[in-house]
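Taking it in order: structure first as structure tokens, then the write-up.
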Amino acid sequence: MKVTTAKYAQALAEVLKDEKDAKEIEQKIQNLLKLLTKRKQGKLIKELPEVFKKAWLSQKGQLEVNVTLPYKPTDQDKLKIVRLLTEALNKEVIISIKVDEEILGGMKIEFGDYIIDGTVLKNLEMLKNSIANK
């Protein structure tokens, strides 16, 4: 039975959870990479960083969220977005903000496998489709 990248990532996150020594952390990561190579699962190494990042954040009760806005938000705007998302998602939120002036207004929120598109452009597109289907 082959072990998935997610299982390796979860195991690594669990092993590193309380580790403070940088050399120990490096050694444990190298051991995992050697194990993958020995088991002829080297192709999983490419996927491991992104999958590990998700496992690590999940273990800590955190969630990475990408927010797209039509303007550069102020620090106060960022704090408000973080607070609202933390309350809505019931997890500590780490946001990454992208500015896209083409969306006109509103915002787009992406996390995990979810996309919440509340942009003006998307709403206009939905309205257009709604009118065209009547």
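Where a number appears in this text, it was derived from the coordinates with a stated rule and is not lab data. Remember, it's a predicted structure, so these values are computed and weren't measured experimentally. Counting neighbours? That spans all protein chains shown, and the Cβs are built from the backbone with ideal geometry, glycine included.
At-a-glance table
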{"quantity": "Signed unit charges on C-beta, dipole axis of the chain, positive-most listed residue Ala132, Leu36, Ala11", "calculated": "Leu36"}
{"quantity": "Modelled label reach - Ser96, point 7 Å along Cα→Cβ, the range 43-61 residues with backbone N closer than 16 Å", "calculated": "47-58"}
{"quantity": "Loop-resident sites, the range 1-95, for trypsin sites (Lys or Arg not before Pro), counting at most 12 other Cβ within 10 Å (DSSP)", "calculated": "Lys2, Lys17, Lys20, Arg39, Lys40, Lys43"}
{"quantity": "R0 of 22 Å, Cβ-Cβ distance Glu47-Asp117: FRET efficiency to nearest 0.05", "calculated": "0.25"}
{"quantity": "The chain, helix-only ellipticity at 222 nm - DSSP H runs n ≥ 4, -39,500 (n - 2.57), divided by all residues, nearest 500", "calculated": "-17500 deg cm²/dmol"}
{"quantity": "Length released on extending from Lys28 to Ser58, taking residue separation times 0.36 nm less the Cα-Cα span", "calculated": "8.8 nm"}
{"quantity": "Rg ratio (alpha-carbon, reference 2.2 N^0.38 Å) - the range 62-132", "calculated": "1.18"}
{"quantity": "Total charge dipole magnitude, the chain, about the Cα centre, Cβ charges on Lys, Arg, Asp, Glu only, Debye to nearest 20", "calculated": "700"}
{"quantity": "Shape call, the chain: gyration tensor on alpha carbons, a/c limit 1.5", "calculated": "prolate"}
{"quantity": "Potential extension, Glu110-Thr74 segment - 0.36 nm per residue separation minus Cα distance", "calculated": "11.0 nm"}
{"quantity": "22 Å Cα-Cα reach of Lys98 towards lysines, excluding residues that sit fewer than 8 places from it in its own chain", "calculated": "Lys53, Lys54, Lys72, Lys78, Lys80, Lys108, Lys122"}
{"quantity": "More than 15 angstrom apart: percent of Cα pairs within the range 5-59", "calculated": "44"}
{"quantity": "Within the range 62-132: Cβ-based charge dipole about Cα centre, in debye rounded to nearest 20 (Lys, Arg +1; Asp, Glu -1)", "calculated": "160"}
